[in-house]
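A.B. asks: Pasting a structure here, questions to come.
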Amino acid sequence: ERGILADALGSDVELRSQAFNAGPEVVEAIFSGALDAAYIGPNPAINAYARSAGQAIRIIAGATSGGAALVVRSGIDTVDDLRGTTLATPQLGNTQDVALRAWLNEQGLAANLEGGGDVSVRPQANGDALQAFVTGSIDGAWVPEPWATRMVQEGRGHVLVDERDLWPGGRFVTTDLIVTTQFLSAHPEIVKRLLIGHVEATDWVNQHPAEAQSTVGKAIADLTDATLPASTLETAWHNLTFTVDPIASSLQVTAQHAEQLGLLDRVNLDGIHDLTLLNEVLRERGAREVGE
């Protein structure tokens, strides 16, 4: 919205953006050759890496940590209250879908991939899940921000699980920046420029939270024809950490969860991160490097 990425890429590079409902759709677009880079959740990134035997993509930076929660209706206050309920996630196999199913397993509650078990998990687009929650068609949802906040404010729900509470120090990756290995190999200088813009945008967001919220609110309104109240954006903002660190250790745990759920074959993630160019950018800015 502010032109930070386009300015960093330069006038000789055309930047075209496209919005997707969730990460699995992004992966299909990457495999079809429609995308060179994307902001994506960690589990779809893992899936793209695994399906291509490590050939399709590289994670070149993190974008956000946190900002995901299980929001439920009144009357659900404990794990036991979830038996017989229907919960939504953005898409089968996406990051929040894996997180919910793994957590349910840890609580001793079965939720199979066909929607059966102790808890029925119903993947659906975030907007549809919000409407279903408001009308009472579902009992809750494990969703990213700002949908979690919207379910609390518009659906009168409450947070049963803040995913930050499940991770050491509350840090876990919810969005990565990836590029195709083909584009990275062919155009490393352009990828570095993209990372310069990404780092500058992240710094700006952290330094100007009020203005950033306003900018994001306008962008959401332009994309969806729906305006988010300022209070929704402000609340959601506080549940997120904007960082270029991909928090690589959390990716390994996410992969293990997907494997245990039968959503992913066992995969060796060595090489999925390539932070060389990111650390070059950080060094040049006098900032601390990040690790793999």
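The values are calculated or read from the model by the stated rules, or taken from the named source; none is laboratory data. Everything numeric here is computed off the predicted structure, so don't read it as measured data. Reconstructed Cβ throughout: ideal geometry from the backbone, glycine too, with neighbour counts over all protein chains shown. SASA here: full protein model, heavy atoms, side chains in, ligands and nucleic acids out. Shrake-Rupley method; radii C 1.70, N 1.55, O 1.52, S 1.80 Å.
A.B. asks: Would you please give the residues with an amide H less than 5 Å from that of Gly62, counting only those at least 5 places away or on a separate chain, with H modeled from the backbone geometry?
C.D. replies: Leu177, Asp245
A.B. asks: Order of 97-108, 29-40, 138-149 by packing, highest average Cβ count within 10 Å first?
C.D. replies: Order by mean packing, descending: 138-149, 97-108, 29-40.
A.B. asks: Which value, in debye to the nearest 20, gives the size of the charge dipole of the chain about its Cα centre, when Lys and Arg are +1 and Asp and Glu are -1 at the Cβ?
C.D. replies: 60 debye
A.B. asks: Could you work out what % of the accessible surface of the chain is carbon and sulfur, using a 1.4 angstrom probe and leaving DNA, RNA and ligands out of the count?
C.D. replies: Numbers: 6250 of 13660 Å².
Ligands and nucleic acids excluded, carbon and sulfur reach 46 percent.
A.B. asks: Here is a further query. If the label point is 7 Å along Cα→Cβ of Ala110, which residues in region 67-86 have backbone nitrogen under 15 Å from it?
C.D. replies: Correct set: 83-85.
A.B. asks: Okay, next question. Give, as a single signed number, the net charge of other residues whose beta carbon lies under 15 Å from the beta carbon of Gly136, with Lys and Arg counted +1 and Asp and Glu -1. Kindly include the intermediate steps, with their values, before the conclusion.
C.D. replies: Details: positive: Arg73, Arg122, Arg156; negative: Asp128, Asp139, Glu154.
Its environment carries a net charge of 0.
A.B. asks: In whole Hz and in residue order, list the ³J(HN,Hα) couplings for region 110-123 that follow from phi through the Karplus curve 6.51 cos²θ - 1.76 cosθ + 1.60, θ = phi - 60°; x for Gly and Pro.
C.D. replies: Those phi angles translate into 7, 8, 7, 6, 8, x, x, x, 5, 10, 8, 9, 10, x Hz.
A.B. asks: Something else now. Taking the chain as the reference, fit the longest principal axis to its C-alpha atoms, fit the long axis of helix 42-51 to the helix C-alpha atoms, and give the angle between the two in degrees, 0 to 90, nearest 10.
C.D. replies: Helix 42-51 and the main axis of the chain meet at about 70 degrees.
A.B. asks: On to the next question. Over the chain, give the accessible area per residue in Å² for a 1.4 Å probe, as an integer.
C.D. replies: Per residue, the chain has 47 Å² of solvent-accessible surface.
A.B. asks: Now for a different question. Given the Cα-Cα distance of Val134 and Lys218 and 0.36 nm per residue of separation, how much length would full extension add, in nm?
C.D. replies: That works out to 27.8 nm of additional length.
A.B. asks: Over the alpha-carbon set of region 81-203, work out the extent along each principal axis and list the three values in angstrom, largest first.
C.D. replies: 53, 30, 29
A.B. asks: Could you let me know the centre-to-centre spacing of region 2-35 and region 146-202, using Cα atoms, in angstrom?
C.D. replies: 15 Å
A.B. asks: Then there's this: How much net charge surrounds Gly54 when only other residues with a Cβ under 14 Å from its Cβ are counted (Lys, Arg +1; Asp, Glu -1)?
C.D. replies: Values: positive: Arg51, Arg58, Arg266; negative: Asp265, Asp270, Asp274.
So the surrounding residues net to 0.
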